[in-house]
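K.L.:
Mind having a look at this structure? Questions to follow.
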Amino acid sequence: MKAVLGRERHSRRLALGVSIVAVAALALAGCASGGSSSSSGSSSKLTIGEIFPFTGSKSILSDWGVHGVAAGLYEVNHNGGVMGHQLVSASADDAADSVDTLPAFRKLLLDNPVAVIGPFSPTIEAVINNFGASNVVDFMIGGSTQLDNMNYPYVFRTTSSDSNESVAMAYFASKVKGFKTASLIFDNSANSQGFVAPLTKAFEALGGTVQQSLTIVPGQGSYRSELSKAFAGHPDVIFSSFDTQTASTLWANAAQLGYLDTPWVGDDLQSSKAYAQAFGPKAPTNLFAAVAASPSGAGYDHFLADYKAVYKDAQPLPTTFNEYDSIVIASLAMTEAKSTDPKVWHTHVADVSSPPGTACTDYKACVTLLNAGKQIDYNGAGGDDNFNKYHNVFSGFSVVGFNQDLTNTAGTYVTPEQIAGVMK
């Protein structure tokens, strides 16, 4: 029986390998045909690729990504497109699994994208080396601390690092709420674990004490023993990050033990309605999450108008402003470069979004300046979008709660200056 299973697994691996080789060959053929070219003689539509987890334990992220891309396409297409070219999207599912990410990327190559949005932090490192090799510009989504000092010419991140988000969480708990003691409950994924060290350092720098720091395995049937350890010292606050399935089990256990009377402060995942539903009736008073968004400013206001034009009265989902800014920046870079060829325009990304230059906060105004021969500095929905030498941005965070209908509150904005002050 074991031999049969082994042969079946080998056959599946062989079939997958043949499929990947075929896809790669087709993609190279597509690239050789010149689908991403200069504006002269190119097709009327340009493709933006999406790599999101449409299936799997973190499929909630796909809604974030798709909504942000749709709002970005709306902004560009309703203001003349890119040198007259309309943008369209093509998607691939990485299932939040590193094994599926490279095939998803190769699938997108068949659509000859001018840029790719995604993947999110859990899978970016599985494919990050392939963008430059394939001459494809990527705007990844998420704050993985492993990319704080990245050096990939074709990869950019409009999402502020989790190391900054950690400081915002600690600042909110300490300075806004006055909490003195905390326990940490984070799952064992690399993305979640990236919060632990900077969060602990920041909370202690602000005068707090971390009583327990627990690492949990996702998808377990019970977390009662871990919760008992976390609450042994009666902490003022719990810092946390885990997927929705784990949240449902863990918070059900916590409710039984009376632990949801304590405030919980999490990463941007926990700003989603699914988490509030898992938390239960005390979510409007005791569940908080840090989201990388400025609550005001012309760039955010313009994004909000676009978002509502696409999704009516829906509240923007987390990270949607990051995907939105990524598409606007990519379109402006192509416009400045006068080319849709990624080999040409990827060097213009920082030029159009960082000083010096005339500040502009919407695509039409920025294009007008570029066409007049002006240098621009796009300030978008997520902040100033100034890329450093590692192609990262630095922004503030809003720590949001929940209303009774489980939409997010306006939250408390922790400014970039406040974050920087703690990090000194």
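K.L.:
Answer yes or no: is there a residue in segment 335-350 that is modelled with pLDDT of 95 or more, among the polar types (S, T, N, Q) and crowded, with 23+ Cβ neighbours inside 10 Å.
P.N.:
Yes, there is a match, as at least one residue in segment 335-350 is modelled with pLDDT of 95 or more, among the polar types (S, T, N, Q) and crowded, with 23+ Cβ neighbours inside 10 Å.
K.L.:
Here's another thing I want to ask about it. Taking segment 181-192 only, how many residues are farther than 26 Å from Ala410 by Cβ and modelled with pLDDT of 95 or more? First the steps, then the outcome.
P.N.:
Taking segment 181-192 and keeping what is farther than 26 Å from Ala410 by Cβ, we get 181, 183-192.
Going one step further and asking which of them are modelled with pLDDT of 95 or more, we end up with 181, 183-188.
Adding up the residues that qualify gives 7.
K.L.:
Confirm whether Lys389 is under 30 Å from Phe172 (Cβ atoms), surrounded by fewer than 19 Cβ atoms within 10 Å (Cβ to Cβ) and at pLDDT 95 or above.
P.N.:
Considered against the rule, which asks whether it is under 30 Å from Phe172 (Cβ atoms), surrounded by fewer than 19 Cβ atoms within 10 Å (Cβ to Cβ) and at pLDDT 95 or above, Lys389 comes out as yes.
K.L.:
Please determine, by comparing only the residues of segment 251-274 that are touching a Leu at 6+ places or on another chain (Cβ under 7 Å) and not polar (S, T, N, Q), which one is farthest from Asn392 (Cα to Cα).
P.N.:
Leu257
K.L.:
Could you please find all residues in segment 42-77 being without any contact (Cβ under 8 Å) to a residue 40 or more places away in the chain and not polar (S, T, N, Q)?
P.N.:
The one that is without any contact (Cβ under 8 Å) to a residue 40 or more places away in the chain and not polar (S, T, N, Q): Val66.
K.L.:
With Gly194, Gly178 as the choices, which residue is closer than 30 Å to Tyr223 by Cα, part of a loop (DSSP other than H, G, I, E, B) and not assigned by TED's automatic domain parsing to the domain that holds Ser44?
P.N.:
Gly178
K.L.:
Which residues, taken from segment 296-336, are within 19 Å of Asp385 (Cα to Cα), over 17 Å from the mean Cα position of the chain (by Cα) and either outside the structural domain of Glu50 (by TED's automatic domain parsing) or among the hydrophobic types (A, V, I, L, M, F, W, C) (or both)?
P.N.:
Within segment 296-336, Ala298, Leu304, Leu332, Ala333, Met334 qualify.
K.L.:
Here is a further query. Out of Leu250, Leu227, Leu214, Leu199, report the one residue that is under 21 Å from Gly411 (Cα atoms) and either assigned to a strand (DSSP E or B) or not assigned by TED's automatic domain parsing to the domain that holds Gly143 (or both).
P.N.:
Being under 21 Å from Gly411 (Cα atoms) and either assigned to a strand (DSSP E or B) or not assigned by TED's automatic domain parsing to the domain that holds Gly143 (or both) holds for just one of Leu250, Leu227, Leu214, Leu199, which is Leu199.
K.L.:
Let me ask something additional. Report whether or not Leu369 is modelled with pLDDT of 95 or more and either out of contact with any Leu (no Cβ under 8 Å at 6 or more places or on another chain) or assigned by TED's automatic domain parsing to the domain that holds Asp267 (or both). Don't jump to the end; show me each part of the working.
P.N.:
On the way: modelled with pLDDT of 95 or more: yes; either out of contact with any Leu (no Cβ under 8 Å at 6 or more places or on another chain) or assigned by TED's automatic domain parsing to the domain that holds Asp267 (or both): yes.
So Leu369 fits the description; yes.
K.L.:
Turning to a different aspect of this structure: Output the strands (runs of 3 or more DSSP E) that fall wholly within segment 340-405 and possess 3 or more residues being within 30 Å of Phe288 (Cβ to Cβ), or say none.
P.N.:
397-400
K.L.:
Could you please find all residues in segment 115-160 being within 21 Å of Asp341 (Cβ to Cβ) and among the charged types (D, E, K, R)?
P.N.:
Asp138
K.L.:
Still on this structure, I have one more. With the requirement that a residue be touching a residue at least 40 places away in the same chain (Cβ under 8 Å) and farther than 21 Å from Asn151 by Cβ, what does segment 337-352 give you?
P.N.:
Lys338, Ser339, Thr340, Asp341
K.L.:
Can you name every residue in segment 335-351 that is of a type in the set (A, V, I, L, M, F, W, C) and within 17 Å of Val116 (Cβ to Cβ)?
P.N.:
Once the filter is applied, which keeps residues that are of a type in the set (A, V, I, L, M, F, W, C) and within 17 Å of Val116 (Cβ to Cβ), segment 335-351 yields Val344, Trp345, Val349.
K.L.:
Given segment 94-135, what helices (runs of 4 or more DSSP H) lie entirely inside it while holding 3 or more residues that are charged (D, E, K, R)?
P.N.:
In segment 94-135, the matching helices (runs of 4 or more DSSP H) lie at 98-109.
K.L.:
Okay, next question. If the Cβ limit is 6 Å and pairs must be 6+ apart or interchain, which residue in segment 233-246 that is farther than 18 Å from Gln193 by Cβ pairs with which residue that is modelled with pLDDT of 95 or more and in a loop (DSSP other than H, G, I, E, B)?
P.N.:
These pairs meet every condition: Asp236/Phe179; Asp236/Lys180; Val237/Phe179; Val237/Pro263.
K.L.:
Is it the case that some residue within segment 129-140 is crowded, with 20+ Cβ neighbours inside 10 Å, in contact (Cβ under 8 Å) with a residue 12 or more places away in the chain and under 19 Å from Gly383 (Cβ atoms)?
P.N.:
yes
K.L.:
Select from segment 406-424 the residues that are in a loop (DSSP other than H, G, I, E, B) and either more than 20 Å from Thr158 (Cβ to Cβ) or not hydroxyl-bearing (Ser, Thr, Tyr) (or both) and write down the one among them that is modelled with the lowest pLDDT.
P.N.:
Lys424
K.L.:
When you look at Leu87, is it surrounded by fewer than 24 Cβ atoms within 10 Å (Cβ to Cβ) and part of a helix (DSSP H, G or I), yes or no?
P.N.:
Judged against the criteria, Leu87 is not a match.
K.L.:
Also, quick follow-up: Please find, among Phe172, Phe105, Phe131, Phe139, the residue that is within 14 Å of the chain's Cα centre (by Cα) and at pLDDT 95 or above.
P.N.:
Phe139
The values are calculated or read from the model by the stated rules, or taken from the named source; none is laboratory data. No experiment lies behind these values; they were computed from the predicted model shown. FYI the Cβ positions are ideal-geometry reconstructions off the backbone, even for glycines, and counts take in every protein chain you see.
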